[in-house]
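A short write-up of the structure that comes next.
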Amino acid sequence: MGRRPRYAKGNRGTKRIMSGKEFEGKPAHGNGTRLASAGRKPEWTGAVVNPPVWRGSTHLYPDVASLKDRTKRNQDGDFFYGRRGSPTQWALCDALTGIEPSAAGTVLYPSGVAAIAGALMAVLRPGDVLLVTDNAYEPSRAMATGLLGQLGVEARFFDPLDVAGFADHFCERTRAVLLESPGSLTMEVQDVPALTDIARSKGAVSLIDNTWATPLGFPALEHGCDIAIMSLTKHVGGHSDLMMGSAAAKGPLYRKLRQTAQSLGQVVSPDDAALALRGLRTMGLRLERSTATALEVVRWLESRSEVAHVLCPFLPGAPGYDLWRRDFSGGCGLFSFVLKGHSDTARARLIDALDLFGIGYSWGGFESLAIPIDPASIRTGSAWPPEHWDSGDQYGIRLSIGLEDAADLIADLEQGFAAMEQK
Ligand SMILES: *Cc1c(COP(=O)(O)O)cnc(C)c1O
């Protein structure tokens, strides 16, 4: 990119943090420092703190020789053409790589679902078998059986908590495993190190949808995963105003992800990349706050006679609580609970009565959300509801706790429960 700006001294100290090299040993900086400095290379930022928005399709070359040279090299961080990004997107890639221990690089996609599709397409071929955890995000399941099925990949679903039986799901065609921990809606924590060990011994690649914890709470590549996927729409964006996804991996797989994304023509807008970078700076604070608030709400819900089960990994006794304690260093404000008895219409009365919780998909924003959930309708590889639950306890609600005050959210839920009982 020519001459390095002289004036960008304040950003110089961040270079080592972003290089990824420090992760070969123990990270030298804490999460807050990392989030504040990540991706702020002088080459990307110039004289300002954050990388400016570089809008552009055409990139210009000084002469024909350099056009030919860039075309041949296809390197990260080289100006080439808009589809391969600009300093705004590269800074976001650097920043995400900087917070993902062991990653060689990160690829951006226009949504989380696009990231899951792009990562699976990078590692699967016709005839391969893909093992999918039975608590996976519903569009991941639909992609595995639908689009990937059409491409000749066979998807099989496995019980997220059954480590002992996991090896039995493999055959010589099994090429990849898709994990999600905690799983969408039902929140089971998986024994990721044990499952990825088994996958590796069978020659399969392990991918994880790590949207819930982010690498701040669960550094997935360090726990045995080969590819760590996130919907940046959730915690990284954090303000419910952008769609984006990412996949990070170690060296050889990173190159494969990048090559596949280039073939598929995946690109994110520089405006959205700048928003994602802005969100990233405060992600640690937002996660800490929403986790603390969620814990208060969870404890309150546990005390309510209307509630049969709270599905939250950081609750002692929850499925995978011990694994959560062992493997995670942080959480977020997303969890579910199940009503004792009641009905679909009673559940709707509760949700409709809430003032502070919006009704809508997505999560991880600054504002709280509530939706009804019915996991039983999508599971195929494990029992749901669990066999030991009382029958009739089936009407679930997922809450995404935002940055409001815990006391206000609890008061809102309290009046929601009152409305639920008024027929
Ligand atoms: C929302 C979500 C996705 C998909 O992300 P989009 O950016 O909405 O496409 C993937 N995985 C999980 C667990 C999600 O909650």
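Each value in this text was obtained by applying a stated rule to the coordinates, not by laboratory testing. In this text, all values refer to a predicted model and were calculated from it rather than measured experimentally. Ideal geometry is used to build each Cβ from the backbone, glycine not excepted, and the neighbour counts take in all protein chains shown.
When the chain is treated as a Gaussian network with alpha carbon springs shorter than 10 Å, the biggest mean-square fluctuation among Ala104, Ala28, Ala114 belongs to Ala28. Remark: Ile373, Ile351, Ile359, Ile99 ranked as Ile359, Ile351, Ile373, Ile99, counting other beta-carbon atoms within 10 Å and listing the fewest first.
Backbone geometry of segment 249-264 corresponds, through the Karplus equation with coefficients 6.51, -1.76 and 1.60 at θ = phi - 60°, to 3J(HN,Hα) couplings of 7, 6, x, x, 6, 4, 5, 5, 4, 5, 4, 5, 4, 5, 5, 7 Hz, x marking Gly and Pro.
Arrange Arg349, Arg258, Arg304 by Cβ neighbour counts within 10 Å, fewest through most, would you?
Numbers: Arg349 18, Arg258 23, Arg304 15.
Going from least to most buried by this count: Arg304, Arg349, Arg258.
Each of Ser391 and Ser269 was given a label point 7 Å from its Cα along the Cα-to-Cβ line. The distance between the two points is 5.2 nm.
Look at His223, His235, His342 and count the other Cβ atoms within 10 Å of each Cβ; fewest to most, that gives His342, His223, His235.
Over the chain, Cα pairs under 8 Å with separation of 6+ residues give a relative contact order of 15 percent.
Below 8 Å, C-alpha to C-alpha, sequence gap of six or more: please give me the relative contact order for segment 201-279 in percent. The partial results should precede the final answer.
Details: 91 pairs, mean separation 21.0, N = 79.
Rounded, it is 27 percent for segment 201-279.
Please check: in the Gaussian network model of the chain (C-alpha springs, under 10 Å), which one of Leu232, Leu264, Leu334 has the largest mean-square fluctuation. Between Leu232, Leu264, Leu334, it is Leu264 that shows the largest mean-square fluctuation.
Compared with the alpha-carbon gap, the fully stretched path from Arg173 to Lys68 is longer by 33.7 nm at 0.36 nm per residue. Here the relative contact order of segment 280-421, from alpha carbon pairs under 8 Å that lie six or more residues apart, stands at 30 percent. Close amide-amide hydrogen proximity is noted between Leu403 and Glu367, Ser368, each under 5 Å apart and 5 or more residues distant or on a separate chain (H modeled in the peptide plane; Pro and chain starts excluded). Only helices enter this figure: runs of n ≥ 4 DSSP H residues, each worth -39500 (n - 2.57), summed and divided by the residues of the chain, yield -10500 deg cm²/dmol at 222 nm to the nearest 500.
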